[in-house]
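Q: Can you keep this structure in mind? I'll have questions shortly.
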Amino acid sequence: METTPTRNENGTSGSTRRNILGAGALMGTLGLLTACTTPPGGSTAGGGSGGGGGGGAEGSAEFTDAVKKLVNGRTLQVGFTPPVLSEYYTQMENAAFTRMAQLEDLYGVQWKWEKSSPTGNFNAVEQQISTVQTWTSRKFDIVFICTGANFATMQGVYKNAMDAGTSIFQFNQPVELYPIDQINTVSNIGYDNRWQSGYVAGKFIADTLKGKGKIVQIMGPSGSDWTKARLIGFNQAMAENPGIEVVGTADGGYLRDKGLSAAQDLLTRHRDINAIYGENEDMALGASQAVDAAGLKQWDGSEGIVIVGADGLLSGMEAIRNGKLTASVDVNSVDNAIRMIDTAFQSVVLKNYVPKISNITTHLVTKDNVDAHAAYINGIMDPAKKY
């Protein structure tokens, strides 16, 4: 399986006064609580629970009993707020539930979970701000958030929450764009969108086309931090392959139907393209529909239009199997969620030091390896307990 090393990560192991919460000597050996399995090429720190692994012992009986005493039956009130309700965040939530149940079985920690996401489009962020403020006033222990809101605005919201005793953890957020000392969170769990997503997609397209061809891009909303970050990596891959020409770009709004419309418009002007880059998988899948509707041939291994997305959706993996998507950068919803839960447990319950930036692995998924990556995600899609 292919994994891509990160470049210039923004303080992957960095710690600041805000996220140093004190550490007991006993817990120094706990790490980030490895569970049962990891995906092909996947993250081991933070545990992997894909494949439906159970909550087996994570140390000696003496160790488990000692951690139980530290936990002391504590109940954590947790808020989970993604920027949209989507397949990716459903995968994340199921993985989170899987890991929460394991920790409950092992150490007796209890969980109360609330989910809230903005209604409307990706930029409907006022609801998220209000949600975090409400959860803070209700004395939530933990808030997990991924948001399309303005960076500076959210830092004020986060600071108020942290000052009131609610621990903020960002997930799947392009924090690599900002100075680490300006991020008012305990920890940020995700990946580097530049080198673990955008660059991977661009290099795959260039390699598949043998360094020559025309491509179009379908990107997220104008001003999106994800778009900014992924384009840095994608543009670097293009710079390394000057025989590849980007002939058109359109806004697909991170949605499948908008991706379809954007691709249809681009294809009316550029029918001779060789590849389409969809910044996320829903837009890439919309582009796939547009290619079919235009009567154009999809990539079959030797000719046709190469279509690449990014997310790691089960629907996208099915499209790869069926020849309707050439490849996707799986940004690892399962390990993202597991690392998120483990980091919060370490920080809030065990009072351990956690990194300010905690990056997981990402994977390039093609027909050659799709079955393994899909099986890993399927292993958490029916968690034993939901919260």
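Q: Just to be sure I understand the filter: pairs with C-beta atoms under 8 Å, separated by 6 or more residues or on different chains, first member in the range 62-80 and under 23 Å from residue 166 (Cα atoms), second member of a type in the set (D, E, K, R) and open to solvent by 80 Å² or more (accessible area, probe 1.4 Å). Which pairs pass?
A: Listed pairs, sorted by first residue: 75/112; 76/112; 77/112; 77/138; 77/139; 78/112; 79/115; 80/115.
Q: Then there is this: So is residue 342 in contact (Cβ under 8 Å) with a residue 40 or more places away in the chain, touching an Asp or Glu at 6+ places or on another chain (Cβ under 6 Å) and of a type in the set (D, E, K, R) or not?
A: It is false that residue 342 is in contact (Cβ under 8 Å) with a residue 40 or more places away in the chain, touching an Asp or Glu at 6+ places or on another chain (Cβ under 6 Å) and of a type in the set (D, E, K, R).
Q: Another question, then. Return the pair list, or none, for Cβ contacts closer than 9 Å from residues in the range 307-331 that are at negative phi to residues that are among the basic types (Lys, Arg), at least 6 apart or on different chains.
A: 307/324; 310/230; 318/324; 320/367; 321/367; 326/367; 327/367
Q: Run down 335, 311 and say which single residue is among the charged types (D, E, K, R), crowded, with 19+ Cβ neighbours inside 10 Å and touching a Gly at 6+ places or on another chain (Cβ under 9 Å).
A: None of the others qualify; the one that does is 335.
Q: In the range 286-301, what residues are open to solvent by 10 Å² or more (accessible area, probe 1.4 Å) and small (Gly, Ala, Ser)?
A: 293, 294, 295, 301
Q: Here is a follow-up. Please go through the range 86-112 and give me each residue that is more than 21 Å from residue 332 (Cβ to Cβ) and not acidic (Asp, Glu), ordered by number.
A: Of everything in the range 86-112, those that are more than 21 Å from residue 332 (Cβ to Cβ) and not acidic (Asp, Glu) turn out to be 106, 107, 108, 109, 110, 111, 112.
Q: Could you grab me the full set of residues in the range 274-285 that are open to solvent by 10 Å² or more (accessible area, probe 1.4 Å) and closer than 19 Å to residue 211 by Cα?
A: Once the filter is applied, which keeps residues that are open to solvent by 10 Å² or more (accessible area, probe 1.4 Å) and closer than 19 Å to residue 211 by Cα, the range 274-285 yields only 274.
Q: Considering only the range 335-377, how many residues are touching a Pro at 6+ places or on another chain (Cβ under 6 Å) and hydroxyl-bearing (Ser, Thr, Tyr)?
A: Total meeting the criteria: 1.
Q: Exactly one condition in (1) open to solvent by 10 Å² or more (accessible area, probe 1.4 Å); (2) within 17 Å of residue 367 (Cα to Cα); (3) not polar (S, T, N, Q) is not met by residue 329; state its number.
A: Condition (1) is where residue 329 drops out.
Q: Does the range 349-368 contain any residue that is surrounded by 22 or more Cβ atoms within 10 Å (Cβ to Cβ), touching a Lys or Arg at 6+ places or on another chain (Cβ under 8 Å), small (Gly, Ala, Ser) and closer than 30 Å to residue 66 by Cβ?
A: Among the residues of the range 349-368, at least one is surrounded by 22 or more Cβ atoms within 10 Å (Cβ to Cβ), touching a Lys or Arg at 6+ places or on another chain (Cβ under 8 Å), small (Gly, Ala, Ser) and closer than 30 Å to residue 66 by Cβ, which makes the answer yes.
Q: Can you tell me how many residues within the range 317-354 are closer than 15 Å to residue 92 by Cβ and either part of a loop (DSSP other than H, G, I, E, B) or under 16 Å from the mean Cα position of the chain (by Cα) (or both)?
A: 14
Q: While we're looking at this one, here's another question. Which of (1) open to solvent by 10 Å² or more (accessible area, probe 1.4 Å); (2) in contact (Cβ under 8 Å) with a residue 12 or more places away in the chain does residue 304 not meet, given it meets every other one?
A: (2)
Q: Every residue in the range 285-316 that is among the aliphatic types (A, V, I, L, M) and over 24 Å from residue 95 (Cα atoms), please.
A: 287, 290, 291, 293, 294, 296, 305, 306, 307, 308
Q: If you take just the strands (runs of 3 or more DSSP E) that sit entirely in the range 154-266, which of them hold at least 3 residues that are among the hydrophobic types (A, V, I, L, M, F, W, C), at pLDDT 95 or above and open to solvent by 10 Å² or more (accessible area, probe 1.4 Å)?
A: Counting at least 3 such residues, we get 244-251.
The values are calculated or read from the model by the stated rules, or taken from the named source; none is laboratory data. The shown structure was predicted, so the numbers you read here are calculated from the model rather than taken from an experiment. In this analysis, Cβ positions are derived from the backbone assuming ideal geometry, glycine residues included, and neighbour counts consider all displayed protein chains. Surface accessibility is based on the protein's heavy atoms, side chains included, excluding ligands, DNA and RNA. Shrake-Rupley method; radii C 1.70, N 1.55, O 1.52, S 1.80 Å.
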